[in-house]
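Coordinate-derived values only; no laboratory data. This is a predicted model, so every value here is computed, not measured. A quick note on method: Cβ atoms are made from the backbone with ideal geometry, for glycine too, and the neighbour counts reach across all protein chains shown.
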């Protein structure tokens, strides 16, 4: 067993001894005892810098291989990776699944490159992740933006409904693809089934950034996945709450997809490193295997039960309010008299509890396969304690006003144009050359090619911004 005592995936790494990728690494490392003069040079070495060795242990380095003889190649899999990804596709009900070792970002960008070419138009809600902006720049696609419904009470975007998409598809007759974020960071789901039907009627490819829905396949208490509801492609982050290592994710192509899986592989090879991380890939395989096993499902059912129980108890406390969402593994909570920023500070400073993100209204907590009962109890006690005190917020935090800017240039053209730095106070009316985002959740305030307004300037925290030198 790899000794990584401080990492969340400890209980699932090397869990299932039948797993292809992990077994292959174990066999080459422990059975053949090769003398490697290959990259990485730390392989099988006893000379490892002490800080890294004390944090990770030595075994993780001995299992960090390159594509040595006999190993499969994730860029053109025919052996262990092929078998493992095929098994994953069967688990997820997909035609094809691809392991990602550069995060969901690589899957989103690759899916766009597989579908869109320079000048193609793509329909996008404004709450897409920054990775979609990267895909626009790389592909040369032209965005047709729309503003999804906003829940002002919580300062959050809601899901996209089929009626909204229907009107937009009639208005724009040359749309090649639609990319949606579902669920949102906070667990709000779009009407994927209804939207998928509309897209396919119009010959539009539906790509779903499902990064925060990686657990939805594994509990009847959670919604159906995008692939189950008719999306062509979906991308899930297994590192967010499914216990894979950071950057571990997975991309799925549905059985009825209009996207060729060969195009996806080609695009992934274009954006990914040629030196993949075998520990990350093994952790992706391990996470999928664990969640689909009887032991994993039992563990995850306990997490779901604990979450339901804690939410029920919190809802009975005066002064605490819970966002109603579609995913019980996401808890967005507010405490009367406190902004989300203030609540976040109190939780960290007094209780050593760190949230995933906060906004003007509340704080988000994420649960997953590594969330133990004692963590639920600690969070509940902290929120109950905070709510028992009387607060009058000194921080009158305003909501994040996402304004739909005027696009003056395509994102790709603006990005590659000559630029100059100006003070933000002098940027009104100029064209942005850079992406400005709130992070997390990674939603763009400005995209390359958009006209900067005085409202945007109020939201920009840095002193300078790069603009197109017209």
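Stick to Cα atoms and the Kirkwood definition of Rh, then tell me Rg/Rh for the stretch 296-387.
Details: Rg = 12.5 Å, Rh = 13.3 Å.
Taking Rg over the Kirkwood Rh, I get 0.95.
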- request: Take 212, 256 and order them by how many other Cβ atoms sit within 10 Å, fewest up front.
  value: 256, 212
statement: Output ordering of 364-373, 103-112 (per-residue mean of other Cβ within 10 Å, highest first) is 103-112, 364-373
statement: Here the relative contact order (percent) of the chain, from C-alpha pairs under 8 Å and at least 6 apart, is 15 percent
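Using 0.36 nm per residue, how much length does the chain from residue 372 to residue 163 gain when fully extended, once their Cα-Cα distance is taken away? Intermediate values should be presented prior to the final figure.
Details: separation 209, 0.36 × 209 = 75.24 nm, distance 4.05 nm.
71.2 nm is the gain from fully extending residue 372 to residue 163.
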- prompt: Could you give the nm distance between label points at residue 463 and residue 336, where each point is 7 Å from its Cα heading toward the beta carbon?
  reply: 4.4 nm
- line: In terms of the alpha carbon gyration tensor, root eigenvalues a ≥ b ≥ c, rounded if a/c is under 1.5 and otherwise prolate when a/b exceeds b/c or oblate, the stretch 411-468 is oblate
message: Using Cβ contacts closer than 10 Å as the measure, can you line up 199, 302 from fewest to most?
response: 302, 199
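Using Cβ counts within 10 Å as a stand-in for footprinting exposure, how do 121, 126 rank, fewest first?
Numbers: 121 16, 126 19.
Placing the least packed residue first, the sequence is 121, 126.
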- request: Arrange the peptides 153-159, 330-336, 266-272, 243-249 so that the one whose residues have, on average, the most other Cβ atoms within 10 Å appears first.
  value: 243-249, 330-336, 153-159, 266-272
The stretch 264-304 shape via C-alpha gyration tensor axes, a/c threshold 1.5: prolate
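Compute and list, largest first, the equivalent-ellipsoid semi-axes of the chain from the alpha carbon gyration tensor, each √(5λ) rounded to a whole angstrom.
Details: eigenvalues 245, 183, 109 Å².
That gives 35, 30, 23 Å for the three semi-axes.
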message: At 7 Å along Cα-to-Cβ for each site, give me the label-to-label distance between residue 348 and residue 219 in nm.
response: 2.7 nm
- prompt: Antiparallel as a % of all DSSP beta bridges within the chain, to the nearest 5?
  reply: 65 percent
query: Among rounded, prolate and oblate, which fits the stretch 80-292 when a ≥ b ≥ c are the square roots of the eigenvalues of its C-alpha gyration tensor, a/c under 1.5 means rounded, and a/b larger than b/c means prolate?
result: prolate
